[in-house]
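A short write-up of the structure that comes next.
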Amino acid sequence: KAGARAASSFVFDKAFVNGEWVAASSGKTFEVVNPANGKVIGSVPDMDAADTEKAVQVAYKAFQSWKETTAKERAALLRRWGELVHENKEELAKLLTSEMGKPLAESVGELNYGAGFLELFAEEAKRVEGDIIQTPIKTRRLLVLKQPIGVSGMITPWNFPNAMITRKAGAAIAAGCTVVLKPAEDTPYSALALCDLAKQAGIPAGVLNVVTSSRDNASQVGKVLCKSPLVTKLSFTGSTFVGKLLLEQCASTVKKVSLELGGNAPFIVFPSADVDAAVLGAMGAKFRCSGQTCVCANRFYIHESIYDEFVQKFGATVEKELRMGDGTAPGTTQGPLINKKAVEKIEAQVQDAVGKGAKIVCGGKSTGGNFFEPTVLKGVTDDMRCAKEENFGPIAGVIKFKTEDEVVALANATSSGLAGYFYSRDLGQIWRVAERLETGLVGVNEGVISVPDAPFGGWKESGLGREGGRYGIDEYLEIKYVCMGGL
Ligand code: ADP
């Protein structure tokens, strides 16, 4: 059977439409490469606009019956889907590491997080409730219904090849919507593995469709998802540049849009902080996923009174705790970056910083292939590229500050507003700064804060809408006011 599971594991070589494994109508494929060693894992269909239109038709047809199911029925299927992720975690983690590069332990962490969304949205499906509003006119009754918005287009990135899919598709399917999703070209296998498990769980044909495409075809696939009148919702996670483009494209059909875009997270350590705890938090906030998450700390602001102590301890911990290598090798904490371009960007940021007077505390160079040493830079200032641009890599630029007002102003002086972190033990300051940071997520005395239960999303140019928690399902619901008159 076409697309049958390859000998080893969950490596499917076909896209998934209408519950079937399908090739591109052109017959074209593209290769998927392991970023740790450059070896080709396999090929998947390089689908185009026509393939995407077909998938949209399928999802539209499936929506007509899926929206009629009960929340309880949908919840049972979502829960089973999540259980299957847990039951196959080891194999899925190997697959995730092979296409994305993160260490196995982090892949397992992502799968727990990813399955967590399926579990959470299975529960939330049953809590979508309308309202009856007090009427100002005696002969009427005013009702509010919440109904699934319809076919939802999704475009996901490579850094969380599993969880970014369950976070979106879990919410959509729970709400009664159907899905056409394009995974990142770097990591289609984790998406296809999820399709197999969705099918095993009993999620009906056409509810979840995954269209794979190369980078070259991404824009035509994206255009169909944005412009098709049959698609009523678009959810995207990726770069700010592409997000803005998609938002423009969605204007033609006035789609409801969710965007999770780039960040430029400040990580502030105030004088009252527990410096050791702050160093530990900084390790997670910066070096998880080799720095390749949109909530990674991008600028470290350390109060002048503890600056030297923090820099010394941070550098020493990086040197002691972090090991670069193939994500499947025991002891690896730092996998490769996703590709050569990512390494070149980090190299350029380090060169720029050093050229402007920053000093390397540890790391500082690439070691071949897609690997770049975990790096701490001191004497960094806000005009350096590493503090202005999103790093998306393992470099930590440490900046000195004097006052709370100054550091809050610096932290907010960016068009991004996704995550912000700070360490303090001054209760008044904790409230003040948590409220003053212009970000959608704030970590207070914590460096890794994402959980399926909490709303995730950015302010300013970091995005639109929220994912996760009970807020996540709202993105896939329309509100309808029903006025019952003549009573
Ligand atoms: P990154 O630089 O991290 O790859 P991107 O925003 O470029 O971030 O990619 C995120 C997702 O957006 C991927 O699935 C990618 O294929 C997709 N993508 C990139 N360009 C476009 C486009 N023009 N239209 C639609 N999707 C796109």
Checklist entry - Which condition does residue 73 not pass, out of (1) assigned to a loop (DSSP other than H, G, I, E, B); (2) free of Cβ contacts under 8 Å to residues at least 12 places away in the same chain, if it passes all the others? => result (1)
Checklist entry - Restricting to the range 199-210, what's the tally of residues that are over 15 Å from residue 60 (Cα atoms) and either among the charged types (D, E, K, R) or within 16 Å of the ligand (Cβ to nearest atom) (or both)? => result 1
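Going through 424, 415 one at a time, which residue ends up being of a type in the set (S, T, N, Q) and closer than 28 Å to residue 255 by Cα?
415
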Checklist entry - Is it true that residue 25 is assigned to a loop (DSSP other than H, G, I, E, B), more than 30 Å from residue 232 (Cβ to Cβ) and in contact with a helix residue (DSSP H, G or I) (Cβ under 6 Å, 6 or more places away or on another chain)? => result no
Checklist entry - Within the set of pairs 6 or more residues apart or between chains, which connect a residue that is within 11 Å of residue 346 (Cβ to Cβ) inside the range 361-379 to a residue that is crowded, with 23+ Cβ neighbours inside 10 Å and hydroxyl-bearing (Ser, Thr, Tyr) with Cβ atoms less than 9 Å apart? => result 363/375; 364/375; 365/375; 371/290; 372/290; 374/290
Next on the checklist: Cβ-Cβ under 7 Å, sequence separation 6+ or interchain: first residue in the range 437-464 and charged (D, E, K, R), partner part of a strand (DSSP E or B) and surrounded by fewer than 22 Cβ atoms within 10 Å (Cβ to Cβ). Which pairs?
Outcome noted: 438/459; 438/460
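Residues in the range 245-253: is at least one β-branched (Val, Ile, Thr) and within 16 Å of the ligand (Cβ to nearest atom)?
yes
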Next on the checklist: Here are the criteria: (1) more than 16 Å from the ligand (Cβ to nearest atom); (2) in a helix (DSSP H, G or I). Tell me which single one residue 169 does not satisfy.
Outcome noted: (1)
Checklist outcome for this item: (1) charged (D, E, K, R); (2) in contact (Cβ under 8 Å) with a residue 24 or more places away in the chain; (3) surrounded by fewer than 22 Cβ atoms within 10 Å (Cβ to Cβ) all hold for residue 39 apart from (2)
Checklist outcome for this item: residue 190: passes all of (1) within 18 Å of the chain's Cα centre (by Cα); (2) within 7 Å of the ligand (Cβ to nearest atom) but (2)
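Which is closer than 21 Å to residue 439 by Cβ and either modelled with pLDDT under 95 or not acidic (Asp, Glu) (or both), of 287, 314, 310?
When all the criteria are applied, what remains is 287.
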Checklist outcome for this item: Exactly one of 254, 275 is touching a residue at least 24 places away in the same chain (Cβ under 8 Å) and of a type in the set (Val, Ile, Thr), and that residue is 275
Item to check | Close pairs from the range 4-33: first modelled with pLDDT under 95, partner among the charged types (D, E, K, R), Cβ under 6 Å, at least 6 apart | outcome: 9/91; 10/91
Checklist entry - Got at least one residue in the range 249-257 being among the hydroxyl-bearing types (Ser, Thr, Tyr) and either under 23 Å from the mean Cα position of the chain (by Cα) or closer than 19 Å to residue 434 by Cβ (or both)? => result no
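Could you run through the range 79-125 and say how many residues are part of a loop (DSSP other than H, G, I, E, B) and over 19 Å from residue 202 (Cβ atoms)?
Final tally of qualifying residues: 3.
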Checklist entry - Is it true that some residue in the range 237-244 is small (Gly, Ala, Ser), crowded, with 17+ Cβ neighbours inside 10 Å and within 8 Å of the ligand (Cβ to nearest atom)? => result yes
Checklist entry - Identify, please: which residue in the range 221-230 is of a type in the set (A, V, I, L, M) and within 13 Å of the ligand (Cβ to nearest atom) and is, among those, farthest from the chain's Cα centre (by Cα)? => result 224
Checklist outcome for this item: Log entry, pairs with first residue in the range 223-246 being in contact (Cβ under 8 Å) with a residue 60 or more places away in the chain and farther than 21 Å from residue 186 by Cα, second being of a type in the set (S, T, N, Q) and within 10 Å of the ligand (Cβ to nearest atom), beta carbons closer than 6 Å, six or more apart or on different chains, reads 226/249
Checklist outcome for this item: Going through (1) surrounded by fewer than 24 Cβ atoms within 10 Å (Cβ to Cβ); (2) closer than 19 Å to residue 61 by Cα; (3) within 16 Å of the ligand (Cβ to nearest atom) one by one, residue 218 fails only at (2)
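The values are calculated or read from the model by the stated rules, or taken from the named source; none is laboratory data. Just so you know, these numbers come straight off a predicted model, no measurement behind them. Cβ: placed from backbone, ideal geometry, glycine included. Neighbour counts: every protein chain shown.
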